[in-house]
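These notes are about the structure you will find just below.
The values are calculated or read from the model by the stated rules, or taken from the named source; none is laboratory data. Quick caveat: nothing in here was measured; it's all calculated off a predicted structure. We place every Cβ from the backbone using ideal geometry, glycine too, and count neighbours over all the protein chains shown.
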Amino acid sequence: MNQIMNKAEGDINCTSARTEWLESLPEKTIKKIKEDADSFLHQALSTPCMEVLEECDGPYIMTSSGRKILDFHGNNIHQVGYRNKQVIDAVIAMLTKLPFSPRRYTNQAAIELAQRLTTKVPGLNSVLFAPGGSEANSMALKLARIATGKFKVVSMWGAFHGAGLDTISVGGEASFRKNIGPLLSGTEHVPQPDSYRSFWENDKEQDIYVAYVRQVFECEGDVGAFIAETIRNTDVQIPTLNFWQKIRALCDEFGVVLILDEIPIAIGRTGRFFAFEHYGIVPDIVTIGKGLGGGVFPMAALLTNDKFNIAAEHSVGHFTHEKSPLGSAAGLAVLDIIEEQHLLQRTQQLGELMKKRLLEMKDRFEMIGDVRGIGLLWGIDLVTDRITKNRAADEAEKVLYDCIKNGLSFKVSLGNVINLCPALIISEPELNRALDILENAFRKFIH
């Protein structure tokens with residue numbers, strides 16, 4: 001179990017296979033990776049680096065060793081692709097005119113981005129910007145306390161909401177909490193609902209998780225907020241339709257602020273701008289980020305409604321880059337691209353292609369225990385057998401390195417879940433090529 005947990009989330013970076021991979025690289029690349037290791041503090045999930053990048057463009061990353069790789073990871077920032085000319089041009093234009101806007105001032109780009117975001121969904125008509133997703137979630141937690149006067153928070157084990165001390169407190173990943181000491185008080189964790197079926201099914205089994213949340217609300221009595229990922233990005237857990245509808249009703253019943261963290265999965269990843277749109281609900285607060293900056297500038301946002309516009313005497317998000325003209329210019333370009341290129345509809349169509357091909361692979365390979373996905377977010381469980389569902393971590397690692405060698409990069413979560421998140425602008429031939437690389441690796445290393 002410890003070996004598997006050491007491989008949880010992110011690239012597998014502490015095994016003999018990673019050492020072999022690094023030793024196989026050209027000498028100049030090995031030298032650069034060593035320079036990186038000598039210069040940066042080492043931390044889980046980041047050290048040692050996989051490769052040295054020279055360029056990125058569209059759905060691709062290009063390495064110093066000469067590989068051109070379709071990136072199905074991208075830290076979830078590449079919805080409109082890397083080095084998108086429309087985004088770059090917008091940022092350059094702003095850079096030559098207004099590269100920074102001090103606090104206490106505003107600017108047209110920030111106002112326009114706020115207006116466009118707050119008209120996406122009725123009921124979310126107020127916004128605060130932040131330099132990153134962790135900060136956006138911090139703002140959400142503070143705003144919930146101000147609104148309710150209650151400091152207790154319910155969240156899910158295994159969730160990731162950022163790397164700050166408050167956000168690792170509500171998050172549930174061990175590598176961020178290990179040996180840190182006392183965390184934010186008043187945080188209660190509940191299990192993440194597993195999903196091995198289509199999200200639109202009314203699955204009574206997930207009522208167990210709803211009942212668990214109700215019990216915590218009842219026993220604690222003074223819960224102020226419930227924060228969760230609408231759809232868990234890392235291992236692609238997709239709650240069924242009635243789960244979120246019942247949680248929404250439960251939060252209303254107990255006066256709990258529902259905060260949905262969509263930092264990695266909003267902005268079109270699931271085929272809708274927000275993932276919660278699939279469920280027919282609207283949260284009290286939603287946080288977005290990553291792809292909002294177009295893969296160029298760090299940009300995140302909190303969206304809520306007039307009911308929560310009650311913090312005039314508080315500094316909820318007092319950031320140096322609070323209303324960044326550069327981030328706003330990038331965000332506006334992203335929204336334009338999504339609309340002009342009809343990326344939401346395109347994501348739905350390409351998602352159906354991925355679904356078809358991945359389910360065909362599941363029929364062909366017994367070690368594929370489950371395939372889950374929506375839009376261009378997919379997870380593949382590799383298991384030793386489908387009855388016990390024991391994780392096939394070694395096989396997942398072999399598949400990972402073989403795919404990278406042949407031009408496809410992705411993340412492995414929990415040691416055995418292949419996480420596939422391509423750029424939304426990827427072409428159909430490029431998508432099929434990536435799936436061919438994956439299927440060829442399956443032929444070599446799983447049965």
Exercise. Does Thr240 satisfy the criteria of being among the polar types (S, T, N, Q) and within 25 Å of Val334 (Cβ to Cβ)?
Worked result: no
For this session: Take the range 233-258 and flag every residue that is within 21 Å of Leu302 (Cα to Cα) and either in contact with an Asp or Glu (Cβ under 7 Å, 6 or more places away or on another chain) or among the aliphatic types (A, V, I, L, M) (or both).
Result: Ile247, Val256, Val257, Leu258
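Results for (1) of a type in the set (Lys, Arg); (2) outside any loop (DSSP other than H, G, I, E, B); (3) in contact with an Asp or Glu (Cβ under 7 Å, 6 or more places away or on another chain); (4) surrounded by fewer than 24 Cβ atoms within 10 Å (Cβ to Cβ), shown as yes or no for each residue.
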| residue | (1), (2), (3), (4) |
| --- | --- |
| Ile281 | no, no, no, yes |
| Thr287 | no, yes, yes, no |
| Pro298 | no, no, no, yes |
| Ser315 | no, no, no, yes |
| Thr320 | no, no, no, yes |
| Ala330 | no, yes, no, no |
Seminar exercise, completed: Scanning the range 233-249 for residues that are more than 10 Å from Val210 (Cβ to Cβ), part of a helix (DSSP H, G or I) and touching a strand residue (DSSP E or B) at 6+ places or on another chain (Cβ under 9 Å) gives Arg248
For this session: Consider Ile267 carefully, then state whether it is within 24 Å of Met354 (Cα to Cα) and either in contact with an Asp or Glu (Cβ under 7 Å, 6 or more places away or on another chain) or buried (at least 24 other Cβ atoms within 10 Å of the Cβ) (or both).
Result: yes
Exercise. Can we say Ser324 is hydroxyl-bearing (Ser, Thr, Tyr) and touching a helix residue (DSSP H, G or I) at 6+ places or on another chain (Cβ under 6 Å)?
Worked result: no
For this session: Would you check if there is a residue in the range 320-339 being modelled with pLDDT under 95 and touching a Lys or Arg at 6+ places or on another chain (Cβ under 9 Å)?
Result: yes
Exercise. For the subset of the range 392-406 comprising residues that are surrounded by fewer than 21 Cβ atoms within 10 Å (Cβ to Cβ) and out of contact with any helix residue (DSSP H, G or I) (no Cβ under 6 Å at 6 or more places or on another chain), which member is modelled with the lowest pLDDT?
Worked result: Asp394
Seminar exercise, completed: Given (1) crowded, with 18+ Cβ neighbours inside 10 Å; (2) charged (D, E, K, R); (3) modelled with pLDDT under 95, Asp306 misses just (1)
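When residues of the range 166-198 are filtered for being closer than 18 Å to Gly224 by Cβ and either modelled with pLDDT under 85 or within 21 Å of the chain's Cα centre (by Cα) (or both), how many remain?
Final tally of qualifying residues: 7.
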Seminar exercise, completed: From the option list Asn76, Asn107, single residue qualifying as in contact with a helix residue (DSSP H, G or I) (Cβ under 9 Å, 6 or more places away or on another chain), under 27 Å from Thr347 (Cβ atoms) and not aliphatic (A, V, I, L, M) is Asn76
Exercise. Out of all the residues in the range 93-116, is one or more in the same structural domain as Ser169 (by TED's automatic domain parsing), in contact with a strand residue (DSSP E or B) (Cβ under 6 Å, 6 or more places away or on another chain) and at pLDDT 95 or above?
Worked result: yes
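Does the range 391-411 hold any residues that are out of contact with any His (no Cβ under 6 Å at 6 or more places or on another chain) and of a type outside the set (A, V, I, L, M, F, W, C), and which are they?
Those that are out of contact with any His (no Cβ under 6 Å at 6 or more places or on another chain) and of a type outside the set (A, V, I, L, M, F, W, C): Arg391, Asp394, Glu395, Glu397, Lys398, Tyr401, Asp402, Lys405, Asn406, Gly407.
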Exercise. Do the conditions hold for Gly224, that is, is it modelled with pLDDT of 95 or more, over 19 Å from the mean Cα position of the chain (by Cα) and not in a loop (DSSP other than H, G, I, E, B)?
Worked result: yes
Problem set entry | Residues of the range 423-441 satisfying the condition of being without any contact (Cβ under 8 Å) to a residue 40 or more places away in the chain and among the charged types (D, E, K, R) | Asp436
For this session: Give the range 347-368 a look and list any residue that's in a helix (DSSP H, G or I) and either aliphatic (A, V, I, L, M) or outside the structural domain of Glu397 (by TED's automatic domain parsing) (or both), or say none.
Result: Leu350, Leu353, Met354, Leu358, Leu359, Met361
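Please pick out the residue among Ser126, Ser134, Ser138, Ser155 that is of a type in the set (Ser, Thr, Tyr) and either more than 20 Å from the chain's Cα centre (by Cα) or loosely packed, with under 15 Cβ neighbours inside 10 Å (or both).
Ser126
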Exercise. Would you pick out the residues in the range 332-343 that are surrounded by fewer than 19 Cβ atoms within 10 Å (Cβ to Cβ), within 23 Å of the chain's Cα centre (by Cα) and assigned to a helix (DSSP H, G or I)?
Worked result: Asp336, Glu339
For this session: Would you check which residues across the range 170-183 are surrounded by fewer than 16 Cβ atoms within 10 Å (Cβ to Cβ) and either under 20 Å from Cys219 (Cβ atoms) or in contact with a Lys or Arg (Cβ under 8 Å, 6 or more places away or on another chain) (or both) and list them?
Result: Leu183
